[in-house]
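These notes are about the structure you will find just below.
The values are calculated or read from the model by the stated rules, or taken from the named source; none is laboratory data. Note that the structure is predicted; figures quoted are calculated from it, not measured. All Cβ positions, glycine included, derive from the backbone under ideal geometry; neighbour counts span all protein chains shown. Side chains included, ligands, DNA and RNA excluded: accessible areas come from the protein's heavy atoms. Shrake-Rupley method; radii C 1.70, N 1.55, O 1.52, S 1.80 Å.
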Amino acid sequence: MVDALQLLSAFTAGLLGGVHCVGMCGGIVGALSLALPPRQQRRLPLLLSYNGGRLFSYVAAGALFGAIGQLSASFVPLQWLQLVLALIAASMMLLMGLYIGGWSGILRRVEALGGHLWRRIEPAARKLLPVTNSRQGFLLGLFWGWLPCGLVYSMLIWALGSGSAVSGSLLLLAFGLGTLPNLIATGLLAREFVPFMQRQSVRSAAGAVLVLFGLYTLYRGFASV
């Protein structure tokens, strides 16, 4: 079962990864926002419905990958399994930090691979536009959750090493909740918020914190063996 530190790390990855989410999803959120009512109190429920659907997809995918990891655990001795899980978690955190900070493009290559899946899903998502109610927004969010994203894919690999479907779903839920503040703010305050989040200094600071989380997770893994 994942512990509080892992969930905090996943949440932090989502929160700090918002600098990437704004770049990856900011255009989508901005386009969706243009079709929303001008008054913010009417826009917020629709933005929440988009993101609710997105989080549902994350949790479902996390549960699936966690279950696959659980099935494979029976073939690995427990002591080695613990080290492997720590290595997976630390590696994903390090890659996310390097990616967000702009110091490595490895995860961008993973996003390119996911583009093949998105090209099959995107036509169905497009049929839901324009969104006029929260039900449509939630359904669109379900599709949006499968948008190619190196951060999400790295979290799914982390979920693979989490040991169970429940743990995998919790990791992705924590990550998804971490992304909410940035994407909600982008939808409501795009003109003011997006330029700030795209500053290299902000990206570097967020990436550095995630790298530190990854190094600490790596240390804990080796210390427990």
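First measure r as the distance between the Cβ atoms of ALA112 and LEU71, then evaluate 1/(1 + (r/R0)^6) with R0 = 30 Å and state the FRET efficiency to the nearest 0.05.
Plugging the Cβ-Cβ distance into 1/(1 + (r/R0)^6) gives 0.60.
Round to the nearest 10 and report in Å² the accessible area of VAL59, as given by a 1.4 Å probe over the protein chains' heavy atoms.
Looks like 40 Å² after rounding.
Students sometimes get this wrong: rank SER201, SER134, SER154 by accessible area, probe 1.4 Å, all chains present, largest first.
Details: SER201 85, SER134 55, SER154 0 Å².
Sorted descending by solvent-accessible area, the residues read SER201, SER134, SER154.
Which residues does the label zone of ARG199 cover in the stretch 101-145, counting backbone N under 17 Å from a point 7 Å along Cα→Cβ?
101-102
What is the packing order of peptides 44-52, 103-111, taking the mean over residues of other C-beta atoms within 10 Å and listing the highest first?
Per-residue Cβ counts within 10 Å, averaged per peptide and sorted highest first, yield 44-52, 103-111.
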